[in-house]
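S.K.: Take this structure first; my questions come after.
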Amino acid sequence: MFPQGTQPSMAMEDKHNLKDNKELQPLLVFGPPTIFPIFEAQNSHNYRFLKAFSSQVPLHQFLTEQKVDPSSIQAILCNPEQKVSADDIRILPSLRIIVTTSAGTDHIDLVECSRHSIQVACAAGDHAGDVADMAVGLLLDVVCKISAADRHVRKRGPSMPLNLSFGFKLKGKRVGIVGLGKIGTAVAERLEAFGCSMMYNSRKEKAFISYPFYSNVVELAGDSDVLVLCCALNEETRHIVNREVMLALGKDGFIMNVGRGGLIDEKEMVQCLMEGEIGGAGLDVFENEPIVPTDLFTLDNVVLSPHHSSFTSDLFHESCKLAAETLQVFFSSSS
């Protein structure tokens, strides 16, 4: 399935496939990235695509089956659907670049990349605005109970009572942003227009930012009605939102996560939601994607999205172009 206007041309594909695969530069593909079908169609004349994502066997066995010398592979194209592990990297002695179509790199062993001087390039495009839109959309949905109301209308018969709990005003809400980078800043700009007051936690206080800075996430949660998670996932930020933070946020507090699932202790969040310790959540990411805790499915104060915040046709084309250009520059400079 392709975004509108991206269906690959069969004539182009046939023309490109005339070239012998053995003459093409091998490109190892993990994931696969969402852009891959159209990327493959547009670049089949440049690369021999080695689709590791379609194989259930270990990488070294897959390459043996494909009759590919591991030392011939210089580049990987990937996304967070499949990890690029230290073991994978060690198998590929000539690997010099990993291009990911995501903004995050937590699916790549960066320590091993550094050890072998492997460049990691992000071809995600400028997705900050799209992700910020999703964060605001999730918040509006949760506090105004839009999805809950939609489900009620679809199931409600003519004689059924209107059995919906009250929503909440967004105006005046105190919003704590965890990670005031490009995405966090874009979220803040949007929510200020709704009359929200902003505060933030980040690695360090930002110069020329007027929002109150909190070095402690528990204190930020205690002063917030809403937490929006926009930061990267690393060892320092894993489970940055734990039970203590959620209890500080309180029974009328909401969590929006458009960062990474591992930023929240998911088991504790589910328990807090089911016990009414927090008011609700809007989640575009999950700790063990694509697995989503089934206990969330029945909760009307939770809105779920399948890591879809940056899935727009504009960004799709931009990411495809960036990945192609990045690999082209790499192979041109290394030839």
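S.K.: Roughly how many Å is it from the Cα centre of the stretch 64-94 to that of the stretch 267-335, as a whole number?
M.R.: The stretch 64-94 and the stretch 267-335 have Cα centres separated by 25 Å.
S.K.: Mind checking the full-extension length gain between Arg203 and Lys267? Use 0.36 nm per residue of separation minus the Cα-Cα distance, one decimal, nm.
M.R.: Full extension of this stretch gives 20.5 nm more.
S.K.: Would you mind telling me the share, in percent, of accessible area of the chain contributed by carbon and sulfur at probe 1.4 angstrom?
M.R.: Whole-percent figure for carbon plus sulfur exposure: 51.
S.K.: Given the Cα-Cα distance of Ser72 and Asn242 and 0.36 nm per residue of separation, how much length would full extension add, in nm?
M.R.: Residue separation times 0.36 nm, minus the Cα-Cα distance, leaves 56.7 nm.
S.K.: What is the angle, in °, between the Cα long axis of helix 146-155 and the longest principal axis of the Cα atoms in the chain? Nearest 10 is fine, range 0 to 90.
M.R.: It works out to around 90 degrees.
S.K.: Sticking with this structure for a sec: For the stretch 261-272, take each phi angle, set θ = phi - 60°, evaluate the Karplus expression 6.51 cos²θ - 1.76 cosθ + 1.60, and give the result in whole Hz per residue in order, putting x for glycine and proline.
M.R.: In residue order, the calculated couplings are x, x, 5, 10, 6, 5, 4, 5, 4, 4, 5, 4 Hz.
S.K.: Looking at the chain, I'd like the Rg to Rh ratio, where Rg is from alpha-carbon atoms and Rh is Kirkwood's inverse mean 1/r.
M.R.: Value, to two decimals: 1.03.
S.K.: A follow-up question, please. Report, to the nearest 10°, how far helix 128-144 tilts away from the longest principal axis of the Cα atoms in the chain, using its own Cα long axis and a range of 0 to 90°.
M.R.: 30 degrees
S.K.: Now, a different point. Under 5 Å between amide H atoms, partner at least 5 residues away or on a different chain: which partners does Leu50 have, H built in plane at 1.01 Å?
M.R.: Counting only residues 5 or more places away or on other chains, the set is Leu27, Leu28, Val29.
S.K.: Using only alpha-carbon positions, what ratio does the radius of gyration of the stretch 207-279 give when scaled by 2.2 N^0.38 Å?
M.R.: Rg over 2.2 N^0.38 Å, computed on Cα atoms: 1.08.
S.K.: Could you work out, for the stretch 87-214, what percent of all Cα-Cα pairs fall into each 5 Å distance bin, beginning at 0 Å and stopping at the bin that holds the largest distance?
M.R.: 2, 9, 13, 12, 12, 11, 11, 9, 8, 6, 4, 2, 1, 0
S.K.: Continuing with this model, one more query. Under 5 Å between amide hydrogens, which residues at least 5 positions from Met256 or on another chain qualify, with H placed 1.01 Å from N in the peptide plane?
M.R.: Counting only residues 5 or more places away or on other chains, the set is Leu227, Val228, Leu229, Gly282.
S.K.: While we're on this one: Which Cα, out of Ser94, Ala186, Tyr214, lies furthest along the positive dipole direction of the chain (beta carbon charges, K/R +1, D/E -1)?
M.R.: Sorting the options by dipole projection puts first Ala186.
S.K.: What number, in percent, do you get for the relative contact order of the chain if the mean sequence gap of Cα pairs under 8 Å and at least 6 apart is divided by its residue count?
M.R.: Reported relative contact order: 14 percent.
S.K.: How large is the helix-only mean residue ellipticity at 222 nm for the chain, computed as the sum of -39500 (n - 2.57) over DSSP H runs with n ≥ 4, divided by its residue count, in deg cm²/dmol to the nearest 500?
M.R.: When only DSSP H runs of four or more count, the value is -10000 deg cm²/dmol.
S.K.: Taking the Cα-to-Cβ direction at Ser210 and at Ser332 and moving 7 Å from each Cα, how far apart do the two end points lie in nm?
M.R.: The modelled label-to-label distance comes out at 4.5 nm.
S.K.: Step through the residues of the stretch 181-194 one at a time and calculate ³J(HN,Hα) from phi using the Karplus curve (6.51 cos²θ - 1.76 cosθ + 1.60, θ = phi - 60°), rounding each to whole Hz and writing x for Gly and Pro.
M.R.: x, 4, 5, x, 5, 5, 4, 4, 4, 5, 6, 4, 5, 8
S.K.: Would you grab the residues whose amide H sits under 5 Å from the one on Gln119? Only those 5+ places off in sequence or on another chain, please, with H modelled 1.01 Å from N.
M.R.: Excluding prolines and chain starts, which carry no amide H, the hits are Ile97, Ile98.
S.K.: How many Å² of accessible area per residue for the stretch 133-266, probe 1.4 Å?
M.R.: The answer is 52 Å² per residue.
S.K.: Something else now. By accessible area of protein heavy atoms, probe 1.4 Å, what ranking do Asp314, Asp88 get, highest first?
M.R.: Ranking Asp314, Asp88 by accessible area, largest first, yields Asp314, Asp88.
S.K.: What is the helix-to-structure angle for 313-334, meaning the angle in degrees between its Cα long axis and the longest Cα principal axis of the chain, kept from 0 to 90 and rounded to the nearest 10?
M.R.: Roughly 40 degrees between the two axes.
The values are calculated or read from the model by the stated rules, or taken from the named source; none is laboratory data. Keep in mind the model is a prediction, meaning the values are calculated, not measured. All Cβ positions, even for glycine, are placed from backbone atoms using ideal geometry, and neighbour counts span all protein chains on display. Each accessible area value is taken on the protein alone, full model and side chains, heavy atoms only, with ligands, DNA and RNA left out. Shrake-Rupley method; radii C 1.70, N 1.55, O 1.52, S 1.80 Å.
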